[in-house]
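Everything below concerns the one structure shown next.
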Amino acid sequence: MPRDPLIGLVGKPSAGKSSTLNSLTDASSKVGGYFTTIDPQRAIGYLQIDCACARYNVSERCKPNYGSCVNGKRSVPIELLDVAGLVPGAHEGKGLGNKFLDDLRHADALIHVVDASGTTDAEGKVTRGYDPSVDIAWLRSEIVAWIKGNLWEKWGSIKRRHIAVKATAVETLQAQFSGYGSTAAVVARTLDKLGLKEPLEEWSEETVDRVVNAFTDEKFPTVIALNKIDHPDADKNIAKIAKMQDPNSIVLCSAISEIFLRKMAKQGYIKYTEGSEFVDTREDLIADGDPDGGGLKELDEKNRNRIENLKDMVLYRFGSTGVNQVLSKAAEILGLVPVFPVRNTTTFTSGANESANKAVFRDCVLVKKNSTVADVARKIMGDAPIAYVEGAGGIRVAEDQIVTVGKNDILSFRVGRA
């Protein structure tokens, strides 16, 4: 199954980006936001969604080809990109700036890992009292300066060509923005939101600034992952950032806590449900009436104290370590819709020999909001001719209909000439 869109992870050195990635590594067959490495920069993450199997009470027969499904909670592959090289002056080519921006343009959305503790400065060096809100503004300013610089240095030529060929503003801007992975639809949404009245050839530099800023918001929607929430200095920084940024774009997380909990669970010292606030030790389970303590090992005093502190400082305060929620928030801001292609829209099976294979909802793909049935068909079937499309219950579905959760999200594509 196709795995776009692409989610880019960015962050200055020592902000905890590597820890966040490592906390998403491990046990990719389980449910949650894990990833496995494809190459040094690209990886496959697993986004948790509500599976269609729960809707039709067939969860016990849901056997995904990729990822997993447990009691109607499904992990769906989504591609991640580790965007390295974020330093001040990246748009001027400092550090790995050119590579950073070249990699970044491929992403459909960004996860900006920010050190909420304020214990690393702009270059990632150890300090105390640094204001992490600066990093958030800094990333955005680097992207805006990069795009604006490329556009403004040839603005005179762009205007002359625009007038000569009698192009629309969308056509002219898309020709310039296509290198950032843009589409005409993205440019059109950008201009619609601004509601500009004057023609492109009369735009001032201030208007171009407004266009670039709006385009940046549209092309690179960003999740702010405030990491290191377990640090005592994090609270005041989180409160400040929450007043400055859209609260819906923020996720609080402690990647190192997630790494520790998964390590202890893997070694048999605790029972831990990833993405939740629940951690049980041997002593907890014995107190609950299990004389064997769930077969868990005895914790030493150091690790017992660390787990109790982690419960108080992270899990009980925030509801989880926040790591799984980071990918979920990225999918939310992109408005991703899970679609389940099947062969039989009544039994929801996919194999040619249905009597031998009763497994349901074998495949799932993620499509962007406002995608049509035809868009999904092209994504899954490529250039194959489609005679017609069936939805749940064998009802034919028009190719121009929009897919949403619970509507037109179970589809069967019949190949042939209509």
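The values are calculated or read from the model by the stated rules, or taken from the named source; none is laboratory data. For clarity, every value in this text was computed on a predicted model and none was experimentally measured. As a convention, Cβ positions derive from the backbone with ideal geometry for all residues, glycine included, and neighbour counts pool all protein chains shown. Just so you know, the surface numbers come from the protein's heavy atoms only, side chains and all, with ligands and any DNA or RNA stripped out. Shrake-Rupley method; radii C 1.70, N 1.55, O 1.52, S 1.80 Å.
Some points to look at:
- The set of residues in the range 215-262 being in contact (Cβ under 8 Å) with a residue 40 or more places away in the chain, among the hydrophobic types (A, V, I, L, M, F, W, C), open to solvent by 20 Å² or more (accessible area, probe 1.4 Å) and out of contact with any strand residue (DSSP E or B) (no Cβ under 9 Å at 6 or more places or on another chain) consists of MET244, ILE259.
- Odd one out for ASN370 among (1) under 24 Å from TYR66 (Cβ atoms); (2) open to solvent by 30 Å² or more (accessible area, probe 1.4 Å): (1)
- Restricting LEU86, LEU81, LEU9 to those that are surrounded by 17 or more Cβ atoms within 10 Å (Cβ to Cβ) and either among the small types (Gly, Ala, Ser) or at pLDDT 90 or above (or both) reduces the list to LEU9.
- Which numbered condition GLU201 misses (of (1) more than 24 Å from ARG140 (Cβ to Cβ); (2) modelled with pLDDT under 95; (3) not β-branched (Val, Ile, Thr)): (2)
- Condition check for SER182 on (1) at positive phi; (2) touching a Lys or Arg at 6+ places or on another chain (Cβ under 6 Å): one failure, at (1).
- Residues within the range 373-415 that are among the acidic types (Asp, Glu), open to solvent by 50 Å² or more (accessible area, probe 1.4 Å) and within 25 Å of TYR46 (Cα to Cα), tallied: 1
- Within the range 161-186, residues that are more than 14 Å from PRO199 (Cβ to Cβ) sit with their Cβ atoms under 7 Å from residues that are open to solvent by 40 Å² or more (accessible area, probe 1.4 Å) and not in a helix (DSSP H, G or I), at 6+ positions apart or across chains, in these pairs: GLY179/ARG105; TYR180/ARG105; GLY181/ARG105; GLY181/HIS106.
- Those residues of the range 266-282 which are modelled with pLDDT of 95 or more and assigned to a helix (DSSP H, G or I), in sequence order: ARG282
- Some residue of the range 286-303 being in a helix (DSSP H, G or I) and within 28 Å of VAL113 (Cα to Cα): yes
- Helices (runs of 4 or more DSSP H) contained in the range 133-188 and holding at least 1 residues acidic (Asp, Glu): 133-152, 169-177
- Filter result for PHE340 (within 22 Å of the chain's Cα centre (by Cα), open to solvent by less than 10 Å² (accessible area, probe 1.4 Å) and under 30 Å from ALA52 (Cβ atoms)): yes
- Candidate set: the range 304-320, residues that are open to solvent by less than 30 Å² (accessible area, probe 1.4 Å) and in contact (Cβ under 8 Å) with a residue 60 or more places away in the chain; chosen: the one farthest from SER117 (Cα to Cα): LEU310
- Scanning the range 248-270 for residues that are farther than 24 Å from SER14 by Cα and either assigned by the TED database to the domain that holds SER117 or charged (D, E, K, R) (or both) turns up ASN248, LYS266.
Okay, residues lined up against (1) assigned to a loop (DSSP other than H, G, I, E, B); (2) over 30 Å from SER182 (Cβ atoms); (3) at pLDDT 80 or above; (4) in contact with a strand residue (DSSP E or B) (Cβ under 8 Å, 6 or more places away or on another chain):
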position: GLY33; (1), (2), (3), (4): yes, no, no, yes
position: ASP39; (1), (2), (3), (4): yes, no, no, no
position: LEU47; (1), (2), (3), (4): no, no, yes, yes
position: CYS69; (1), (2), (3), (4): no, yes, yes, yes
position: ARG74; (1), (2), (3), (4): no, yes, yes, yes
position: LYS99; (1), (2), (3), (4): no, no, no, no
position: ASP102; (1), (2), (3), (4): no, no, no, no
position: VAL114; (1), (2), (3), (4): no, no, yes, yes
position: GLY124; (1), (2), (3), (4): yes, yes, yes, no
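- For the range 189-208, the criterion of being in contact with a His (Cβ under 7 Å, 6 or more places away or on another chain) and buried (at least 18 other Cβ atoms within 10 Å of the Cβ) is met by at least one residue.
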